[in-house]
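A short worksheet on the structure shown next.
Just so you know, all these numbers are worked out from the coordinates, no wet-lab data involved. Only a predicted model underlies this, so the values are computations on that prediction, with no experimental measurement involved. Reconstructed Cβ throughout: ideal geometry from the backbone, glycine too, with neighbour counts over all protein chains shown.
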Amino acid sequence: MSQSIPKTFWDERFDSKEYYYGKQPNDFLKAHAHYFPEGGHILSLGEGEGRNAVYLAKKHFNVTALDSAKTGLDKTKKLAKEKNVQVHLLLENLKNYAFEKDKWDGVLNIFCHLPAKIRKKIHENLPATLKKDGVFLMEAYTPEQINYGTGGPKNVELLYDPETIKDELKGLELIHFKVVEREIREGIGHTGLSSVLQVIAKKK
């Protein structure tokens, strides 16, 4: 676990008693968590304050919450204790993270928006780091989200263009790939009608 990560925008955002995105799990994850292999080892990218990792742990998955913000992981630890579950914490920047071969039964990305170079690297590593029948599950904002203003990056380059993502995930079998307009209520961070890309992909 790296301890040399400087204080960031996300450290500042999560440095409060309140949970910026709430304590409840993402709706898309709740509806589709059963796609992950039962009891599997799941890596949650940019987990933040722990709401999704804790939900999966309550569903008896073995979950590792990765984030570059120590303040977020501190709140993940607190929430896990509150819910009486265990979540493994990994303080790391995805720019530097080395994906191990055949490591994960599932990889989760819920609104973890990354620069194109880092995002592409992650997607290209998924076929190798996922075990046989492993699953990648993602919900992320599309470029149209800029017009909604209800959450997500203000920089369109950090939003996820569906055709670009589809091309980057060509090493996986797409089970579900859909652009959806839906109401999202997650703390004060995601608050209203939104344009999202929903993905479930499986290692071939």
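Centre-to-centre separation between the Cα atoms of the stretch 25-84 and those of the stretch 168-189: 17 Å.
Taking every DSSP helix (H) stretch of at least 4 residues in the chain, weighting each as -39,500 (n - 2.57) and dividing the sum by the residue count yields a mean residue ellipticity at 222 nm of -7500 deg cm²/dmol. Full extension of the chain between Ala98 and Glu18 gives 25.6 nm of extra length, using 0.36 nm per residue less the Cα-Cα distance.
The aspartates and glutamates whose alpha-carbon is closer than 12 Å to the alpha-carbon of Lys166, local same-chain residues fewer than 8 away aside, are Glu124. Near Phe99, once Lys and Arg are set to +1 and Asp and Glu to -1 for all other residues with Cβ below 12 Å from its Cβ, the sum equals -1. The value of relative contact order for the chain, using C-alpha pairs under 8 Å at least six residues apart, is 20 percent.
When both bridge partners sit in the chain, DSSP labels roughly 50% of those beta bridges antiparallel.
Across the stretch 47-204, counting alpha-carbon atoms alone, Rg and Dmax equal 15.4, 40 Å.
Exposure proxy ranking for Glu163, Glu144, Glu49, based on other Cβ atoms within 10 angstrom of each Cβ and starting from the fewest, stands as Glu163, Glu144, Glu49. Once backbone amide H atoms are built at 1.01 Å from N, Tyr160 has Tyr141, Thr142 as its partners under 5 Å, excluding neighbours fewer than 5 places away on the same chain. Using θ = phi - 60° in the Karplus curve 6.51 cos²θ - 1.76 cosθ + 1.60, the 3J(HN,Hα) couplings for the stretch 56-62 round to 5, 5, 5, 8, 6, 8, 9 Hz; x is entered for Gly and Pro. Averaging over all projection directions, the Cα-based convex hull of the stretch 1-97 occupies 6.1 nm² in the image plane. Taken one residue at a time, the phi angles of the stretch 107-120 give Karplus couplings (6.51, -1.76, 1.60, θ = phi - 60°) of 10, 10, 10, 10, 6, 9, 9, 10, x, 3, 4, 6, 4, 5 Hz. Gly and Pro are set to x. Taking a 18 Å limit on the Cα-Cα distance, which of the listed pairs Lys101/Lys204; Lys58/Lys103; Lys70/Lys103; Lys23/Lys78 fall beyond it? Those over the limit are Lys58/Lys103; Lys70/Lys103.
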